[in-house]
Every structure is written in structure tokens, then in C-alpha cells.
Amino acid sequence: MKEVIVIGAGPAGLLAAWVACQSGAKVRVLASGIGTTHVSPGWIRILSESPGASLKKWITMHPEHPYALAGVDALAGGLAALREVCGRAGLNYVGQIDANFRLPTALGAVIEAAAVPEGFAAGDLRQPGAMLIAGPDNWRDFFPKLCADNLTRQGFPAQAASFGLPEMHTSRFDATPVGLARLFDRADVRERVAAQLKPKLDGATRAGFPAVLGLDHSAEAWRDLSDRLGVPAFEIPTLPPSVPGMRLFNAFKAALTQAGVPILLDMTATQGVVEGGRANGVVVPDVVRDRTYRADAIILATGGLYGGGITSDYTGTLREAIFGLPLQAPTGGPDEWFTPLFLGPAGHPIHAAGVRANAHMQPVDESGRVILGNVRVAGRLLAGYDPLAEGSAEGVWLATAYRAATRDE
């Protein structure tokens, strides 16, 4: 049986581990800690613009983009694998790669996403009908009136309401999204919230809440609250820690554990073991001595500059953290990494830095020569795209993790 080590427990690493184990490999996940799931909103964005039939055309116009390397079939395969894992946990994702939902954000802006948790779908702004935007009284992480007013200004009728939860005002309550989500796992809490909000619907045909409608029993919580209100409820992502992202992580953790795949956290790989032109393992420092984990293949899903897969020093020198793979990066040092506008449409050059790869997700040098044939690269570590400017973060990790786990040498 082929042995595979996946480095990284973010969404790309978890998906790659699942696909690899389903292909018959013996898989281990090594990671410094939990990845970006806990700060991710939970939706799947492929492109900011609605892709439709233009996705393949867009890919031909960007031949070095990870989408072009992995292929549309890998994007579809990755989404199918995600649905399978989440479906096992009762988290159903709806939508397709060729069309976008239009969803409200916590600020009342509009964002496009191709696939979303079932509990987000009623918030699709392509649908007619007024909305009630509701949140807990005086909660610091969600302001219903701000959201509702900004939506109304854009032509999406919305009104705001709040509800009281006495549990929030005790000294021991954890006033984070996770604390609220645990409350909404309880039927008595949902009953009290619905009783307060139902008289305030005033013709609204759907009700939006911060994304805290349950953690361990979210599907049950969302359906029950919708039934009690008499209109569809929907969730709106708010500040981290992200409850939808935690649900996603928990779904992968449960599926991988059941499949016999260990997820070993606090295991920071600091060096690759290369012998005879092949990567045979990675070194993880331990209290007494370094430990070497060996495998037939290694999938690097370590993240980019912000995730630790790429390191930098005070001079602006960038380095891939484990094997020292060559990077495609802006020249000129840190002064050339950023553009003047923090959220400008052009993005920032540093966001496109990463490891070059071929269609097998093998790392390559500037000439296209494969560096380590049994190493694959997935997710944010890859070069050639700016996930923030393009709205492609989730789509890229879906496509490249799937391809990295399914392509042999």
C-alpha cells in the first residue's frame, strides 16, 4: 500500500488526505495546528465574477493559473469529495461550479459564491422577498441594523430586529460565535428566539442570522428554527472563529478518523529528507530528538506566506519552509510586495507568490523541470493566483488538492 504524508491541516490538506485515502493510500496528516477553516466563512468561491460558461474561457486566458494546471474536472471532483465528506456529517452543500449565489455579508455587502452550506441558501439575493436580519441584543460581533440598512440601500429590502438571550449575560458565558452556536444547539433556545422574532417578521419572507445556528447539530437547528418562524432562516458569516468553518473541520476530522487517517497536530515539519532525487520524508523536531516521518509521496498543503508554508526574513528573502523549493515571487523586496490600496481591485503582488507546479501538481523550476517527482503542492502554497482579488481561494484548494491526491508520477 502506498504511504502518503500530507503536510497541513487546512482545507486543502484535509481534502487531499480524504481523496488519497479513498484511493487506497495509507495517509497521515502532519500539521503545526488547525488551518484556515476556523477563519473561513464556509462558502465555496470559484471566481468573483459569475463563472458560467466563461470559466473555461477564463482559464484559457490564464494558462499559468492553478485552475488551468489542475483542470475543471479536478474542480468538479474536489467539490464532489467535499459534498461527500460534509454529507456524512449532515452538512449539505448546494450549488454548482457554473453559477454563483449572491449572498449578504455581515456588513450588508454582496458577495458571490458557487457552493454554500444549505443553511446559507435562503439568503440568495437573486430571490425576491423582504428579509428580516436578526441578532442577539448588544452582541459585539453582529449588528443587524447595519447589515439591513446597507442591503436596503442596494435595493434588497431588509429590516432589523434583535432578540434577548439571558444566558449571554452570565459571567461564565463565552460571548463568541462558538458560545452562541452551542446555545442554538438547544431546542429551548430556538423556541424562545422564534417566539420573539415571529411577531417582528412584518411581511418578511426569510430571516437572516449570524452564522451561529448550531455547532454539533446545525442542520437540525436550522430546520427547526425555520419551522418555528414559518419562513426560511439563513446564516450570514460573521467574525472568527467561524462556526461554519469549524463545522467543516469537524466533518473532515470525523470522516478521516473513521477512515483510519491520523491528524497529528503540533507537528511542525521543518526539513525535508531528500535521497536520490526523491523526497522520502520530513523531519519534525521533538523534545529529545528530531523525528523523521517517511512516505512514498508527500503532499504539501502548508499554506502561503500568511499560513507558514513560505517564510520571510527582515530583508524580504522568501523561502518555501520544508524543502526550500524555488519560489515565484515579486522582485525588489518588501517595498514591491504591496500596492497603495489595501483592498484595491488589482490585489497585491505578494499574494501571487508561491511554488510553481505542473499539471500533476509537482513542483517545478522556472524552466518547467520537475524538482521532486513524488512531491505534490496544493492550495495556497501554489504560485500564479491572487485568491483575494479573484475570489478563487476555495476553488483553488478544491481543484489542486483533488489533483494532487489523484495524480501518480
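Taking each residue as 0.36 nm, the span from THR331 to HIS169 lengthens on full extension beyond its C-alpha to C-alpha distance by 53.1 nm.
Loop-located trypsin sites (Lys or Arg not before Pro) in segment 290-394 (DSSP state not H, G, I, E or B) with no more than 15 neighbouring Cβ atoms inside 10 Å: ARG369.
Restricting the chymotrypsin sites (Phe, Trp or Tyr not before Pro) of segment 307-339 to loop positions (DSSP other than H, G, I, E, B) with no more than 13 neighbouring Cβ atoms within 10 Å leaves TYR314.
For the pair segment 291-318 and segment 23-100, the centres of their Cα atoms are 22 angstrom apart. The mean accessible area for residues of segment 328-379, using a 1.4 Å probe and ignoring ligands and nucleic acids, is 50 Å² per residue. For segment 267-323, the solvent-accessible area with a 1.4 angstrom probe is 53 square angstrom per residue. In the context of the full set of protein chains, segment 143-237 has a per residue accessible area of 45 Å² (1.4 Å probe). Here the chain is treated as an ellipsoid with the same Cα gyration tensor; its semi-axes, largest first and in whole Å, are 39, 23, 20. Here segment 254-355 is treated with +1 on each Lys and Arg Cβ and -1 on each Asp and Glu Cβ, and its dipole about the Cα centre works out to around 240 debye. Taking the accessible area of the chain, probe 1.4 Å, and keeping the other protein chains in place, the carbon and sulfur fraction comes to 54%.
Shown for segment 90-187 is the translational diffusion coefficient from the Stokes-Einstein equation, using the Kirkwood radius over Cα pairs, a temperature of 10 °C and a viscosity of 1.306 mPa s: 106 µm²/s. Ranked by the mean number of other Cβ atoms within 10 Å per residue, highest first, peptides 119-129, 341-351, 269-279, 16-26 order as 16-26, 119-129, 269-279, 341-351.
Quick one: compute the contact order of the chain, relative version, from alpha carbon pairs under 8 angstrom and 6+ residues apart, as a percent.
Numbers: 912 pairs, mean separation 93.4, N = 409.
Relative CO of the chain lands at 23 percent.
Farthest toward the positive end of the dipole of the chain, out of PHE156, ALA121, LEU327, is the Cα of ALA121, where the dipole comes from beta carbon charges about the Cα centre. With contacts taken as Cα pairs under 8 Å and at least 6 residues apart, segment 1-56 reaches a relative contact order of 36 percent.
Hey, got the dipole for the chain? About the Cα centre, +1 on K and R Cβ, -1 on D and E Cβ, debye to the nearest 20?
Working: 36 positive and 39 negative charges, 112 e Å.
Dipole about the Cα centre, nearest 20: 540 debye.
The values are calculated or read from the model by the stated rules, or taken from the named source; none is laboratory data. These numbers were taken from a predicted model, which means no experiment stands behind them. Glycine also receives a Cβ, built like all others from the backbone with ideal geometry; neighbour counts cover every protein chain displayed. All accessible areas refer to the heavy atoms of the entire protein, side chains included, with ligands and DNA or RNA removed. Shrake-Rupley method; radii C 1.70, N 1.55, O 1.52, S 1.80 Å.
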